[in-house]
Amino acid sequence: MSNTSILINKLNEIINIFENAELNNQGNRYTITHINSLQKIKTDLMKIHKSENKKEEIKTDEEVKKPEIKTPEKPNFTQNINERNKI
């Protein structure tokens with residue numbers, strides 16, 4: 001059993017504890033947030049686990065970023081005035 005599959009199993013146990021606390025009304029208002037966070041970690045670990053089996057690199061949600069939009073450069077008015085004055 002690989003390290004990631006062990007981590008996935010342990011995360012499932014932790015998620016079950018939080019879900020049971022929520023079902024029994026023993027959880028507080030953060031319980032659902034914890035469950036969602038743990039499930040996101042589990043999803044990322046499952047992606048890593050699949051990539052280990054396929055021997056290819058798969059990025060987790062955190063690593064996948066939107067493409068950076070470059071803004072055009074601001075005109076340099078001082079340089080334009082100096083160039084105009086040279087003529």
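Quick notes
- Residue 35 being among the β-branched types (Val, Ile, Thr), surrounded by 15 or more Cβ atoms within 10 Å (Cβ to Cβ), assigned to a helix (DSSP H, G or I) and modelled with pLDDT of 65 or more: yes
- Put simply, of 62, 52, 22, 56 the only residue that is in contact with a helix residue (DSSP H, G or I) (Cβ under 8 Å, 6 or more places away or on another chain) and modelled with pLDDT under 70 is 62.
- Taking (1) among the polar types (S, T, N, Q); (2) part of a helix (DSSP H, G or I); (3) at pLDDT 65 or above in turn, residue 80 satisfies each apart from (3).
The values are calculated or read from the model by the stated rules, or taken from the named source; none is laboratory data. In this text the structure is predicted, and so the values were computed from the model without any measurement. As a convention, Cβ positions derive from the backbone with ideal geometry for all residues, glycine included, and neighbour counts pool all protein chains shown.
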